[in-house]
1. Only residues in segment 38-67 that are in contact (Cβ under 8 Å) with a residue 24 or more places away in the chain count as the first member; pair them with residues that are part of a loop (DSSP other than H, G, I, E, B) and of a type in the set (Phe, Trp, Tyr), Cβ under 6 angstrom, at least 6 apart or cross-chain, and list the lot.
2. Can Gly350 be described as at pLDDT below 90 and more than 26 Å from Ala120 (Cα to Cα)?
3. Could you check segment 281-319 and list, in sequence order, the residues that are within 20 Å of Ala373 (Cα to Cα) and of a type in the set (D, E, K, R)?
4. Applying the selection to segment 325-341, what residues are hydroxyl-bearing (Ser, Thr, Tyr) and surrounded by 21 or more Cβ atoms within 10 Å (Cβ to Cβ)?
5. Hey, can you tell me all the residues within segment 51-63 that are within 18 Å of the chain's Cα centre (by Cα) and among the β-branched types (Val, Ile, Thr)?
6. What residue, among those in segment 71-101 that are hydrophobic (A, V, I, L, M, F, W, C), in a helix (DSSP H, G or I) and within 21 Å of the chain's Cα centre (by Cα), is surrounded by the most Cβ atoms within 10 Å (Cβ to Cβ)?
7. Suppose we keep only residues that are in a helix (DSSP H, G or I) and among the polar types (S, T, N, Q) within segment 171-209. Which one would you say is nearest to Pro80 (Cα to Cα)?
8. Has segment 34-54 got any residue that is surrounded by fewer than 18 Cβ atoms within 10 Å (Cβ to Cβ), of a type in the set (Gly, Ala, Ser) and more than 17 Å from Arg325 (Cα to Cα)?
Amino acid sequence: MAVSADSGKLREGRPFDPYGEHRDDPYEFLAGIGDDEPVFYAPLLDAWCVTRREELLAVLKDDKSYSARDHNPRPRVPLPDDVARMFKTWRGDGGLGVGSLDPPAHARVREVLNIGFTPAKVRAFEPTMRKIATDLVERAAADAEFDLIEAFAVPYALEVMCARLGVPDDYLDRCRLWSEQRIELMMLQRDTDPELLREWAQGLVDFGAFARELARDRLAHPQDDLISELLHEGRAGNTLTADEVAVQIPTLIFAGHMTCAEALGTITYQQLSSPGGWARVADGTIDTRDLVEEGLRFDAPLAGMYRTATRDVVVGDVHLAEGSRLLLLYGTAGRDSRVHACPAAFSPGGGSSSHLAFGHGIHFCLGASFARAELEVAVQAIAARMPGLTLAPGQSRRYKPVFPLRALTELRVRQ
């Protein structure tokens, strides 16, 4: 029997704090309540958290009852009015990023974006991934000890995504800065100097202007890159306008490089911490694909996304009113004891592909096959050049307060 969300005990909620107490390991807390309470209210997030695979799939399959329009985290402190306006309008007039679109608008944009990530196009781009990875690994290898996140994971993921899009190399640092400024505003946790907030917001305005200029240039002068494909290669005459493509460019840069870098950090850390360590990857005992899939299951780089109920709904046995905000915790699906025999153990090759790290339904990650290839190439490049890689003394697993992103603060390693 469904229970109303307004009942006293449910509304009190659970003290889930992924920015503080539960930042480094949210799954220890979530595992303790998931079986008994797969849907719970988190006052700190002002959202109903959905933790079990069964309920997650039910919500993700029902795009009529749940809207993705407001799927990102919200700042926990109010933004100044001028900053709020800039944050709302920085993309321009071309619409919303594909992850924020609901049917029917979503289908048209998604159909065009899909042409850039077909299996054939992913395979064709793998040599470029491999060259970028090899060059960066060689550069990192100049130091006996280094931070793998800063020296390899972030620059690799950013350069790969920007190369696929056709972003000029001299904009790489700015694209990284703009992406970080977006995170700062989107996940603002405390009162911050208004001038700093304006600086971050202006960065996003510049990001949007850059994307529009780049899209208009590729419309007039097509090149061998994804932006040109989106403008000129649509199926049955279905292409996107320059303004529509410009809206998607920051999303592809932001989501495409940050999640890959985060996943690579988790995968490497977990394997270096496991029995046999990196040697089992370097000698081929552990298959690269199995390692990548297990990393995605064990700690998804994007632990969840928000949805808003467009009507009264029942999730699990909880009745939620129209307008209720839900946090779909993708990462907990990989820790569901009903699906995985030893969910808290990192074990490559243990049937990891049933995770929801890429979501499900109409918003399933359009670059999933690209990301998998990108991660496999990166792991192979590191293992080939640094077969004796180990964690640096004192390295522990610490995460940035940017939930639902799962970003290690650093990953110091030794050759």
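The values are calculated or read from the model by the stated rules, or taken from the named source; none is laboratory data. What you see is a predicted model; the values in this text were computed from it and never measured. Here the Cβ is made from the backbone with ideal geometry for all residues, glycine too, and neighbour counts use every protein chain on show.
1. Ala42/Phe16
2. yes
3. Passing the criteria: Asp283, Asp287, Arg289, Asp290, Glu293, Glu294, Arg297, Asp299.
4. From segment 325-341, those hydroxyl-bearing (Ser, Thr, Tyr) are 330, 332, 337; that's our starting set.
Residues satisfying the conditions are Tyr330, Thr332.
5. Listed by number, the list holds a single entry, Thr51.
6. Step one: of segment 71-101, the residues hydrophobic (A, V, I, L, M, F, W, C) are 77, 79, 83-84, 86-87, 90, 96, 98, 101.
This time we only want the ones that are in a helix (DSSP H, G or I), so: 83-84, 86-87, 98.
Filter once more, keeping what is within 21 Å of the chain's Cα centre (by Cα): 87, 98.
Values: Phe87: 19, Val98: 22.
Within segment 71-101, the match that is surrounded by the most Cβ atoms within 10 Å (Cβ to Cβ) is Val98.
7. Among those that are in a helix (DSSP H, G or I) and among the polar types (S, T, N, Q), it is Gln202.
8. no
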